[in-house]
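Notes to accompany the following structure.
The values are calculated or read from the model by the stated rules, or taken from the named source; none is laboratory data. Note that this is a predicted model, so its numbers are computed, not measured. Reconstructed Cβ throughout: ideal geometry from the backbone, glycine too, with neighbour counts over all protein chains shown. Accessible surface is based on the protein model in full, side chains and every heavy atom, while ligands, DNA and RNA are left aside. Shrake-Rupley method; radii C 1.70, N 1.55, O 1.52, S 1.80 Å.
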Amino acid sequence: MAIISIPSSTTMFPMPQQVLRQNREVVMAEEIGRARILTLNRPNHLNYISGKVALTLGHNFEKYENDDNADFVIIKITSTCTHSKLESIDDSESKLEGTGRTFSAGGDLHMFYEGRNTRDSCLEGVYRMYWLCYHIHTYKKPHIALVHGMSVGGGASLMAPMKFSVVTEKAFSSTPETNIGFHPDCGFSYMLPRLPGRLGEYLGLTGEKLRGKEVVAAGLATHFVPSQKLFQLEKRLLSIKSGDEDTIRSVINEFSTNIHIDERSILNKLSIINECFSKDSVEEIIESFEAESSRKGNDWIMPVLKSLKKASPTALKITLRSIREGRTQTISECLRKEFRISMNIQRTIISGDFYEGIRAQIIDKDKSPKWNPSTLDKVHDDQLDLIFKPFEDHDLELQIPIKEEEEEESRWRGKYENSSYSSPNQVNIQKAFRSMSSRESVLV
């Protein structure tokens, strides 16, 4: 689930006329010298990475990795998201300079809500996105993201894993999935626990935003470049004659500025965050955080605490466990785990909070979800085990290499169309899942 958005302003990323004439294409691919450029382009809409878009991106990344004439890849997003994200993003935060409009991914979540009564209606898109995430994390050539907007939830999977990720003062990032009964996915159970201290648990549970230079300081991007320099940076990158990483880094460094974090930044509160968010359970984290809020100078905690308490209890417990497990897991193990979690959440194996969260945020917009279970103490470990449990049939897992020795020979295998989920195997797979569900489902 995710959003990435960057203004579709032609002053930020001017495009050649032949590309402008093709602007109905959501993914535009260009070959300039040794560079390959992928642009997600929906100038009149907030882009979302559907199964079709993930398929197209995956095809191009594979093509470029195997192309001896392609040395590096640049990805630019004119306003994007993957699979879903929240209208709970404040409108004031979503109005990005140069767009003349407010970004929202509400229609994106409609897709999941409308398919809630059809089993695995969105499975293909989820599978393709996670498969793409694996290949972005393990890409064999330098890749560069240019980000001048919001990067929400798993949408940052097109930013954070890149060898070079450039953000401007208009960039901000968050993982607000627990507010709709979901979990940080698209590799975030791998990335969040690798941030400083317990910042990953804090961001994953609370959905708090990092802005501009904070994104770099936290480790989710590599460089900060003022927006007025972004176009010139792109021009210089396109002039590079090789994929030498030191050369690319040197060019980006010419345009980047030093990072100075505001004293009010959450990154200057890490001692409190580390103390509170290192606790063993969500209940203990909230109790510790609440105790800190009463101390002088900790007024910043109250609104965060309020948001934390409004999130789905089930999603909070899933998220904490996933991040904690991710601390010792590989990217492959995390993505496989996240695929299981996402599919089981959408199948309402233990709770229908995901659809209730969408209803409250997007459909009825009453902002008052009726979570079930309604409190943390009613979400039990044996229920969570059902969400995390590996599928009985190995073929139902996300098909990506797990061991290093598998990487070279099977790197680009496991595509959705070759998986057990794709026709003609789908009928038998659905029968198997129905049988599993009748034995294992625990509806709360």
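Going residue by residue through the stretch 193-206, is there one that turns out to be of a type in the set (Val, Ile, Thr) and within 30 Å of residue 323 (Cβ to Cβ)?
yes
Give the residue that is surrounded by the fewest Cβ atoms within 10 Å (Cβ to Cβ), with candidates limited to residues of the stretch 148-169 that are in a strand (DSSP E or B) and among the aliphatic types (A, V, I, L, M).
166
Would you mind finding the one in 341, 350 that is surrounded by 21 or more Cβ atoms within 10 Å (Cβ to Cβ) and either of a type in the set (S, T, N, Q) or in contact with a Leu (Cβ under 8 Å, 6 or more places away or on another chain) (or both)?
Testing whether each residue is surrounded by 21 or more Cβ atoms within 10 Å (Cβ to Cβ) and either of a type in the set (S, T, N, Q) or in contact with a Leu (Cβ under 8 Å, 6 or more places away or on another chain) (or both) leaves just 350.
For the stretch 227-255, how many residues meet the condition of being touching a residue at least 24 places away in the same chain (Cβ under 8 Å), open to solvent by 20 Å² or more (accessible area, probe 1.4 Å) and farther than 22 Å from residue 137 by Cα?
7
Within the stretch 209-244, which residues are touching a strand residue (DSSP E or B) at 6+ places or on another chain (Cβ under 9 Å), more than 14 Å from residue 72 (Cα to Cα) and either assigned to a loop (DSSP other than H, G, I, E, B) or of a type in the set (Lys, Arg) (or both)?
Passing the criteria: 209, 211, 212, 213, 220, 221, 222, 225.
Go through (1) in a helix (DSSP H, G or I); (2) surrounded by 16 or more Cβ atoms within 10 Å (Cβ to Cβ) one by one and return the number of the condition residue 284 breaks.
(2)
As an exercise: evaluate residue 310 against (1) touching a residue at least 24 places away in the same chain (Cβ under 8 Å); (2) more than 26 Å from residue 367 (Cα to Cα); (3) basic (Lys, Arg) and give the number of the one condition it does not meet.
(2)
Name the single residue, out of those in the stretch 162-189 being of a type in the set (Gly, Ala, Ser) and more than 24 Å from residue 345 (Cβ to Cβ), that is modelled with the highest pLDDT.
165
Return the pairs, sorted by first residue and then second, in which the second residue is open to solvent by less than 10 Å² (accessible area, probe 1.4 Å) and of a type in the set (Ser, Thr, Tyr), the first residue lies in the stretch 120-142 and is under 13 Å from residue 342 (Cα atoms) and part of a loop (DSSP other than H, G, I, E, B), the beta carbons are less than 8 Å apart, and the residues are 6+ apart or on different chains.
Pairs that qualify, where the first residue is under 13 Å from residue 342 (Cα atoms) and part of a loop (DSSP other than H, G, I, E, B) and the partner is open to solvent by less than 10 Å² (accessible area, probe 1.4 Å) and of a type in the set (Ser, Thr, Tyr), are 120/421.
Would you confirm whether any residue within the stretch 295-305 is at pLDDT 95 or above, of a type in the set (A, V, I, L, M, F, W, C), open to solvent by 10 Å² or more (accessible area, probe 1.4 Å) and part of a helix (DSSP H, G or I)?
Checked the stretch 295-305: at least one residue is at pLDDT 95 or above, of a type in the set (A, V, I, L, M, F, W, C), open to solvent by 10 Å² or more (accessible area, probe 1.4 Å) and part of a helix (DSSP H, G or I).
Can you report the number of residues in the stretch 140-161 which are on the phi > 0 side of the Ramachandran plot and modelled with pLDDT of 90 or more?
Total satisfying the criteria: 0.
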